[in-house]
1. With all protein chains present, calculate the accessible area of ASP34 using a 1.4 Å probe and round the result to the nearest 10 Å².
2. Just reorder LEU18, LEU82 by solvent-accessible area, largest first, 1.4 Å probe, all chains present.
3. By a straight-distance test (C-alpha under 17 Å), which aspartates and glutamates pair with LYS30 as possible cross-link partners, with residues fewer than eight away in the same chain excluded?
4. Using a simple charge model, +1 on the beta-carbon of Lys and Arg, -1 on the beta-carbon of Asp and Glu, nothing else, what dipole does region 1-109 show about its Cα centre, in debye to the nearest 20?
5. How much solvent-accessible surface does ARG78 expose, in Å² to the nearest 10, with a 1.4 Å probe and all protein chains in place?
6. Under a cut-off of 23 Å between alpha-carbon atoms, report the lysines in cross-link reach of LYS39, not counting same-chain residues fewer than 8 places apart.
7. What figure in square angstrom, to the nearest 10, would you give for the accessible area of ILE63 with a 1.4 Å probe?
8. Calculate one ³J(HN,Hα) per residue across region 41-58 by plugging θ = phi - 60° into the Karplus curve 6.51 cos²θ - 1.76 cosθ + 1.60, and present them in order as whole Hz with x for glycine and proline.
Amino acid sequence: MGKKMFINNTGHDLSVQLQVRSGDTPGHLKGFKDFSMSKGQREMVEYSGPSNPYLDGISVNAIDSGEIVAEQQFVINRGSSLDNDFNTNDTVTFNWETENITLAFSNTWTV
């Protein structure tokens, strides 16, 4: 099952798009999961069924002082550090550092 806890620590409302991989090879697109997060919100997001549990990309944006601030990260190679961050951790935290959105990954959610 493809699901993760997402935490918004940016102090801004966010728009998020997950790029879901078809199978286990990066670059094979299954589809997208779009959602919004209020500042301070924590949300468990299910983005796929058990046959396609991998993420290939995360795009996130916020509005700050009348400007759109965005961050995008996409996996190209299976087993890369980004692929491992996306697919071996159960929690993604969005942070705000020096007027930029950053992503942090951890395993903090337990069943």
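1. 100
2. Correct descending sequence by accessible area is LEU82, LEU18.
3. Result set, ordered by chain and number: GLU46, ASP56, ASP83.
4. I would put it at about 400 debye.
5. About 150 Å², rounded to the nearest 10.
6. LYS3, LYS4
7. 120
8. Those phi angles translate into 6, 10, 8, 7, 10, 8, 10, 6, x, x, 7, 9, x, 9, 9, 10, x, 9 Hz.
The values are calculated or read from the model by the stated rules, or taken from the named source; none is laboratory data. Not measured: the values here are computed from a predicted model. Because the Cβ atoms are built from the backbone with ideal geometry, glycine has one as well, and the counts that use them run over all protein chains shown. For the accessible areas, the whole protein counts, side chains as well, though only heavy atoms, and no ligand, DNA or RNA atoms are used. Shrake-Rupley method; radii C 1.70, N 1.55, O 1.52, S 1.80 Å.
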